[in-house]
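As structure tokens, the structure follows; a few thoughts come after it.
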Amino acid sequence: MRNQFAETVTELARTDERVVLLSGDIGNRLFNAYKEIAPERFYNCGIAEANMITMAAGLALSGFKPVAYTITPFITTRCLEQIKVDLCYHNLPVILVGTGSGLSYAELGATHHSCEDIAIMRALPNMTVICTADTTEVRLALTEAMKVDGPVYIRMGKKNEPNVHCSDPIFNIGKGISLTEGKDICIIATGNMVATAMEVSEQLLEKQISTKVVSMHTVKPLDKALLMNIFNEYKHVVTLEEHNVVGGFGSAVAEWYVDNCRHYVNLLRIGTPDRFISHVVSQQDARKKYQLLAEPIADKINKVLEKEKI
Amino acid sequence: MIDIYRLEKKARQIRGQLVETSHKCHVPHLGGCLSCVDILVALYWQILKIDPEEPNKQGSDKFILSKGHAAHALFTTLAYKGFFDRQLLDNYGGLDNPLGEHPLPNCVSGVEIATGSLGHGLSFALGMALAAKLKQQSQKFFVLMGDGEINEGSVWEAALFAPMHQLDNVIAIIDYNKWQATGRSAEVMSLESITEKWQAFGWEAMAVDGHNMEQLLLTLKAAKKVKGKPIAIIADTVKGKGISFMQDDNNWHYRIPTNDEVMTAKKELGLIK
Ligand SMILES: Cc1ncc(C[n+]2csc(CCOP(=O)(O)OP(=O)(O)O)c2C)c(N)n1
């Protein structure tokens, strides 16, 4: 995803002279192409994320379109006050791009995990929160984010994530994308768990369970019309994210449900547990330990449906 | 008399081990590990008042690796010094192995603090130093930071606080290896003149050749005697030090050596013929 980000931001900077790329001393060589086309609009801001964010605010106030990039925990929680006050309070068009989100850097320890960023970013007024599922979504999200007149946070994985889109879908910020249709259950996934949701749906199909899968890339603002359709149509809805179940995407859906639905729907929220994850050797290993692989998720869903039959 | 040769040999062995484990277990950040090996050896073999059997004994000196991505160097040093079984290095980063790319809280004996997000270690040390003053204990708190790491504003918040409170029990060491992740430190930020900066902030600032064992020991000992001021030691180092093809080549921030490279490195270090 990060290569796609570099490619797209380069394209955008080529055609829009207001684009300024700020990076926090990461991405060695990643931005070589960018630096060739717009060397004067690239700044390595060093290992000083707080300053980077507020400089972005200053640039935005002066008519530029800053895109600030570094590892997810360092572009979100490390500089939260700067994001809240300088970007959100002033409602400035700055795009924050976090790489290695969720458990992408599992083996680096909790300093490099981000399982609270969705919760925190979506609690900030004026902020738009987008979690990208694959390179196609990275490209489309960044392109659309450029048109937003306010702060946007784009959450990405690292690299080599599987593609969920084989062609360009219609991508609008705040509008979910239906990937498969099914009648028994609906899985609404966000970001780097969408691919897993697709796998889950395939596994469920073997058990004659047909699943609708939605990529809900925009966590804020939520696609309320789509949610209403889903909650009217399905008795079982699952949310899926690589993020703490406290406060994340699933919580956002649950909040919407409590406020808007007058009938009972069984909502199953799947995400990471409310604890720091350590002693894992890879993202795959972490997902295995915390039941975030397709198989245990499919089992869990299957159990819920079985119970209903009794 | 201190046997400098013995310490230098220890440093060479640790460098060899780092390169070997990096290859075998895919541990990155060799460059920034190799630059601080001599500092770690000087500290753990001569300077720190700390018992490998009982590192948390009241009144023990503390070392905080603020540049957490050099955990591999710290863990290897601790293993060689007998804080834990050296065999743990064989399966570095493996399943159920406490050694990883960054230190986790209390992961092994001798490491309490989790680092990896840069710019936290100095403030940790200040807090512990304040506590020691309150408890009227006399131990010292050593912190190792990268020259890139000190880009962080939090470092300079601590830098302003410590002299105000005469925290002469804090000794900050900067591994001045002239590189950070994506560039020359002095080309990313206006880092120069680094020693004068700490001086101007009210620290007793000392520059030293970070690969000269004799000088390192003299400087660290002098630092322990300073009264009324915190101490900053600017250790002039080379990223990738000790291995010709890694020295001052920042690709080794991430690169993993091949088997042939491990062999060449060990030959250069005089560990094999
Ligand atoms: C707050 C924070 N921002 C960014 C990073 C990513 N990062 C890891 S190492 C590194 C470079 C560190 O440079 P330096 O302190 O000079 O270490 P050395 O060159 O000695 O390895 C960066 C930017 C991080 N770990 N923490």
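The values are calculated or read from the model by the stated rules, or taken from the named source; none is laboratory data. Quick caveat, the model's predicted, so the values are computed rather than measured. Positions of Cβ are generated from backbone atoms using ideal geometry, with glycine treated the same way; all protein chains shown enter the neighbour counts. Only protein heavy atoms, including side chains, enter the accessible area calculation; ligands, DNA and RNA are left aside. Shrake-Rupley method; radii C 1.70, N 1.55, O 1.52, S 1.80 Å.
Restricting the search to region A:291-307, which residues are more than 19 Å from A:Val213 (Cα to Cα) and in contact (Cβ under 8 Å) with a residue 40 or more places away in the chain?
none
Determine the pairs where a residue that is free of Cβ contacts under 8 Å to residues at least 60 places away in the same chain, located within region B:28-55, has a partner that is more than 16 Å from the ligand (Cβ to nearest atom) and part of a helix (DSSP H, G or I) with Cβ atoms under 6 Å apart, the partner being 6 or more residues away or on another chain.
Sorted first by the residue in region B:28-55, then by its partner, the pairs are B:Tyr44/B:Lys81; B:Trp45/B:Leu7; B:Pro52/B:Lys81.
Within region A:59-82, can you find the residues that are open to solvent by less than 30 Å² (accessible area, probe 1.4 Å), of a type in the set (Val, Ile, Thr) and either out of contact with any strand residue (DSSP E or B) (no Cβ under 7 Å at 6 or more places or on another chain) or within 14 Å of another protein chain (Cβ to nearest Cβ) (or both)?
Residues satisfying the conditions are A:Thr70, A:Ile71, A:Thr72, A:Ile75, A:Thr76.
Scan region A:37-58 and report the pairs whose first residue is within 11 Å of chain B (Cβ to nearest Cβ) and whose second residue is open to solvent by less than 50 Å² (accessible area, probe 1.4 Å) and more than 16 Å from the ligand (Cβ to nearest atom), with Cβ atoms within less than 6 Å and a gap of 6+ or a chain change.
A:Thr54/A:Asp86
Could you please let me know if B:Gly116 is within 13 Å of another protein chain (Cβ to nearest Cβ) and touching an Asp or Glu at 6+ places or on another chain (Cβ under 6 Å)?
Here the answer is no, as B:Gly116 does not meet what is asked.
Given the residues A:Ile230, A:Ile187, A:Ile173, which is the only one that is under 21 Å from A:Gly248 (Cα atoms) and in a strand (DSSP E or B)?
Going through A:Ile230, A:Ile187, A:Ile173 in turn, just one is under 21 Å from A:Gly248 (Cα atoms) and in a strand (DSSP E or B): A:Ile187.
Every residue, every condition in (1) more than 16 Å from the ligand (Cβ to nearest atom); (2) more than 14 Å from chain A (Cβ to nearest Cβ); (3) touching a residue at least 40 places away in the same chain (Cβ under 8 Å), yes or no:
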| residue | (1), (2), (3) |
| --- | --- |
| B:Met206 | yes, yes, no |
| B:His211 | no, yes, yes |
| B:Lys225 | yes, yes, no |
| B:Ile231 | yes, yes, yes |
| B:Lys239 | no, no, yes |
| B:Thr258 | yes, yes, yes |
| B:Glu268 | yes, yes, no |
| B:Ile272 | yes, yes, no |
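This table checks each residue for (1) away from the ligand (no atom under 16 Å from the Cβ); (2) at pLDDT 95 or above.
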| position | (1), (2) |
| --- | --- |
| B:Lys49 | yes, yes |
| B:Phe75 | no, yes |
| B:Phe84 | yes, yes |
| B:Asn106 | yes, no |
| B:Glu112 | yes, no |
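Give the residues of region B:112-122 that are of a type in the set (A, V, I, L, M), touching a strand residue (DSSP E or B) at 6+ places or on another chain (Cβ under 8 Å) and in a loop (DSSP other than H, G, I, E, B), sorted by residue number.
Result: B:Ile113, B:Leu118.
Just one of (1) within 14 Å of chain B (Cβ to nearest Cβ); (2) part of a strand (DSSP E or B); (3) charged (D, E, K, R) trips up A:Arg269, so point out which.
It fails just one condition, (1).
Going through region A:82-134 one residue at a time, which ones are without any contact (Cβ under 8 Å) to a residue 24 or more places away in the chain and touching a Gly at 6+ places or on another chain (Cβ under 9 Å)?
A:Leu108, the sole residue that qualifies.
Applying the selection to region B:234-267, what residues are on the phi > 0 side of the Ramachandran plot and surrounded by fewer than 19 Cβ atoms within 10 Å (Cβ to Cβ)?
If the condition is that a residue be on the phi > 0 side of the Ramachandran plot and surrounded by fewer than 19 Cβ atoms within 10 Å (Cβ to Cβ), then B:Asp248 is the only one that fits.
Is there a residue being more than 15 Å from the ligand (Cβ to nearest atom) and in a helix (DSSP H, G or I) anywhere in region B:168-186?
no
Hey, can you tell me all the residues within region B:1-36 that are within 16 Å of the ligand (Cβ to nearest atom) and within 14 Å of chain A (Cβ to nearest Cβ)?
Of everything in region B:1-36, those that are within 16 Å of the ligand (Cβ to nearest atom) and within 14 Å of chain A (Cβ to nearest Cβ) turn out to be B:Val27, B:Pro28, B:His29, B:Gly31, B:Gly32.
From the residues in region B:144-163 that are more than 7 Å from the ligand (Cβ to nearest atom) and at the interface with chain A (Cβ under 8 Å from one of its Cβ atoms), which one is most open to solvent (accessible area, probe 1.4 Å)?
Result: B:Gly153.
Go over the candidates B:Ala131, B:Ala125 one by one and state the one that is within 25 Å of A:Cys79 (Cβ to Cβ), more than 14 Å from chain A (Cβ to nearest Cβ), hydrophobic (A, V, I, L, M, F, W, C) and not in a loop (DSSP other than H, G, I, E, B).
The unique qualifying residue is B:Ala125.
What residue, of A:Leu30, A:Leu12, is in contact (Cβ under 8 Å) with a residue 40 or more places away in the chain and either away from the ligand (no atom under 13 Å from the Cβ) or open to solvent by 10 Å² or more (accessible area, probe 1.4 Å) (or both)?
Only one candidate passes the filter, namely A:Leu12.
Does any residue of region B:58-67 turn out to be in a helix (DSSP H, G or I) and either modelled with pLDDT of 95 or more or touching a Pro at 6+ places or on another chain (Cβ under 8 Å) (or both)?
no
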